[in-house]
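> Structure below; questions to follow.
The values are calculated or read from the model by the stated rules, or taken from the named source; none is laboratory data. Worth saying up front: this structure is predicted, and the values here are computed from it rather than measured. Here the Cβ positions follow ideal geometry from the backbone for every residue, glycine too, while neighbour counts run over all protein chains shown. Accessible surface is based on the protein model in full, side chains and every heavy atom, while ligands, DNA and RNA are left aside. Shrake-Rupley method; radii C 1.70, N 1.55, O 1.52, S 1.80 Å.
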Amino acid sequence: MRKSGNSHLLCFILFLFFLQIQTTLLGQGRRPVRVKNGMVVSTSRYASEIGKQVLTDGGNAIDAAVATAFALAVTWPSAGNLGGGGFLVYHRSDGDVTTFDFREKAPLVATERMFLSEDGKIRNASNHEGILAVGVPGTVAGLYAAHKKYGNTNWKKLVEPAYKLAKKGFPLTWGLHDGFKYHKDDWLQYPSSTKIFLKPDSSLYQPGERWVQRDHAATLKRIMKKGRDGFYKGKTADLIMDYMQKHNGLITHEDLEKYQPVEREPVHGTYRDFDIYAMGPPSSGGVVLAEMLNILEGYDLAAMGHNSAKYLHFITEAMRRAYADRARYLGDPDFSTDMPLAKLLSKEYAAYLRTTISETEASISDSITFNDVYESPETTHFSVIDASGNMVSLTYTLEYPYGSRMIVEGAGFLLNNEMGDFNPMPGTTDSRGYIGTEPNLIEPEKRMLSSMTPTIVAKNGIPIMAVGSPGGRTIINTVLQVVLNVLEFDMNIAKAVEAPRIHHQWLPDVTRMEDWGFSPDTQRLYKDYGHNLKIRWRQGAVMGIYKNTEEDIIYGASDSRSSDGAAVGY
Ligand code: DON
């Protein structure tokens, strides 16, 4: 017995060593990784390897996505998750496209004004901090539903690699070490989290040290054996309930049992000869992306030059308009039935919006201004292509990095703080930074509006590109610029992912520009249009795949803004 245990451990260590070598060779930068058959690009090399293994074993893109998502919950816990939610876009090589919405929901007892104190102000940031910020998780149900309908590998085989990684541990990366260190005070606030992220003497795990997650492994084992019920019923559900009761949380067994993901039609837009498929409400991503592309299609962007001041002016004006529509109209479609999606997605509306854009001067967003809203750099996106050419684009999140920072005692996974994505103060849209518009107010079982934008581009019915990013509201603009970099400026996927980018979200009326790659001349000329400029360190972390169907070669790139990412294929 003992001997076989040791030899398993040896094999596992060799496997991890192999991962290190292989992924180091793959590298990052402006040169994409090239393969012939299939690929996974994610923000964790461990997870990408696990997904790729599923592909080489004959699994399809959905199978690999499920395995990658479970692995990310273990290896990238700031955003990979069991206790959060997200969206999956699936474009089959036969032309069919669908999406899965597994966004979190408000608990049954949630109310419109649940975060407000008597004076109408938000109580102690409670919409983002503490137990009330936790939405009913959707990830496990979403992955299970997508697999049930489209997967072809045994469920157990897809959860098992994550289970093993949690149980046996893996060498901590520098990226994880940095995150654990940055959040040390958060861990110390919650005893259940202290135990997971710090050593017994409260010191930090160091890069290269083995990090084991036993409770997480036990939860994954229940999911492995029982599928969705391993999370929403039985011991895992009981542990969530115990945690909720101990901390005066709102989520009940009924919330968990009632949670259902939804398979929805994708949002469909076009840009020149290309089809764009992305996530519809309750994500704003697809609608805002398609609206911006429709506006921009009317200009000769290539002639302006990539990231020239003129180009930046026009994309800013498209962003300003589409983000204003986001705030006005978008919310959970199961509650807001009168969203004017057809109008927002139409070429005619885009043509009208172009008439409101000056060639020489920035517009003014509105007389109402907002303060900057915090957008954390977490959430995670990954892209998959299998040997048949099926593509998956999946973004999921806990909202803030490590979500609520609360580990469910005994279950080893983090809870989200996604309730913060609702508009917390009904009717209050003002200069303090709040949007109180109606479609995204809190209601029981409603999904909070998201900006996640998992996207697939197709040509002649064949999927050719999968991209997405973290970054809160910046996500949609990040995806826009990467899509334009490829479709309009002919960049390879690695260059497209790396290129510096900007963000404008209507209000506040400020453009955020990354602090590299834009010359002082460009900045000056851009400001001459009348745009307000602020510099930021980085925007998003794109994980992209591009398939050149003529060469029959798959290209992939993980954004170097992500510390641990890797494109891994075969
Ligand atoms: O759903 C959303 O749009 C946000 N909760 C995503 C959060 C996110 O991307 C955080 N960090 N970037």
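> Which whole-number value in Å² is the accessible area per residue of the stretch 35-81, probe 1.4 Å? Don't skip to the answer; put the middle values down first.
Working: 720 Å² over 47 residues.
In whole numbers, the stretch 35-81 has 15 Å² accessible per residue.
> Report the Cα-based extents of the stretch 520-570 along its three principal axes, largest first, to the nearest Å.
Result, largest extent first: 48, 30, 14 Å.
> Between the DSSP loop rule and a limit of at most 14 other Cβ atoms within 10 Å, which trypsin sites (Lys or Arg not before Pro) in the stretch 238-286 are left? Let's see the in-between values first.
On the way: sites: LYS246, LYS258, ARG264, ARG272; in loops: ARG272.
Answer in residue order: ARG272.
> Taking the chain, how much of its Cα-Cα pair set, in percent, is spaced more than 29 angstrom apart? Write down the numbers at each step before the final one.
On the way: 81314 of 162165 pairs.
Every Cα pair in the chain considered, those over 29 Å come to 50 percent.
> Same structure again: Any lysines with Cα under 23 Å of the LYS195 Cα? List them, leaving off those in the same chain fewer than 8 positions away.
LYS164, LYS167, LYS168, LYS181, LYS184, LYS221, LYS235, LYS246
> Grab the other residues whose beta carbon is less than 9 angstrom from that of VAL212, score K and R as +1, D and E as -1, and report the net.
+4
> Is there a quick way to get the dipole size of the chain? I mean about its Cα centre, with the Cβ of Lys and Arg at +1 and of Asp and Glu at -1; what is the value in debye to the nearest 20? Mind dumping the intermediate values first?
On the way: 62 positive and 65 negative charges, 424 e Å.
Charge dipole of the chain: 2040 debye, to the nearest 20.
> Here is a follow-up. Looking at the stretch 403-540, I'd like the Rg to Rh ratio, where Rg is from alpha-carbon atoms and Rh is Kirkwood's inverse mean 1/r. Display every interim value, and only then the final one.
Details: Rg = 18.6 Å, Rh = 17.9 Å.
The Rg/Rh ratio comes out at 1.04.
> With every protein chain left in place, what is the accessible area per residue of the stretch 389-471 in square angstrom, probe 1.4 Å?
Details: 1650 Å² over 83 residues.
Per-residue accessible area for the stretch 389-471 comes out at 20 Å².
> Mind jotting down the distance between the C-alpha centroids of the stretch 413-481 and the stretch 135-184, whole Å?
22 Å
> Right, here's the next one. What value does the stretch 133-251 have for Rg/Rh, both radii from Cα atoms and Rh as Kirkwood defines it? Working shown, then result.
Working: Rg = 16.1 Å, Rh = 16.0 Å.
The Rg/Rh ratio comes out at 1.00.
> Considering only protein heavy atoms and a probe of 1.4 Å, how much of the accessible area of the chain is carbon and sulfur, as a whole percent?
Working: 10650 of 21470 Å².
Of all accessible area on the chain, carbon and sulfur atoms account for 50 percent.
> A further question on this structure: Mean separation of Cα pairs under 8 Å and 6+ residues apart, divided by the residue count of the chain: what relative contact order is that in percent? Write down the numbers at each step before the final one.
Values: 1358 pairs, mean separation 142.5, N = 570.
With pairs under 8 Å counted, the relative contact order is 25 percent.
> Tell me which lysines have Cα within less than 18 Å of LYS495's Cα, excluding those fewer than 8 residues away on the same chain?
LYS547
> Hey, another quick one. Hey, with R₀ at 41 Å, roughly what FRET efficiency would THR355 and SER563 work out to, going by the Cβ-Cβ distance, to 0.05?
On the way: r = 44 Å, r/R0 = 1.08.
So, using R0 = 41 Å, E works out to roughly 0.40.
> Also, quick follow-up: Place +1 on the Cβ of every Lys and Arg and -1 on the Cβ of every Asp and Glu in the chain, take the dipole about the Cα centre, and give the residue among ALA278, ALA133, LEU72 whose Cα lies farthest towards its positive end.
Farthest towards the positive end: LEU72.
> Here is a further query. Between GLN245 and ARG123, what is the FRET efficiency for a Förster distance of 25 Å, r being their Cβ-Cβ separation, to the nearest 0.05? All intermediate terms of the calculation are to be shown ahead of the outcome.
Working: r = 21 Å, r/R0 = 0.83.
The computed FRET efficiency comes out at 0.75.
> What helices in the chain pass both tests, a Cα length along the helix axis of 15 Å or more and a mean Kyte hydropathy of 0.5 or higher, using whole DSSP H runs?
2-26, 61-75, 285-296, 474-487
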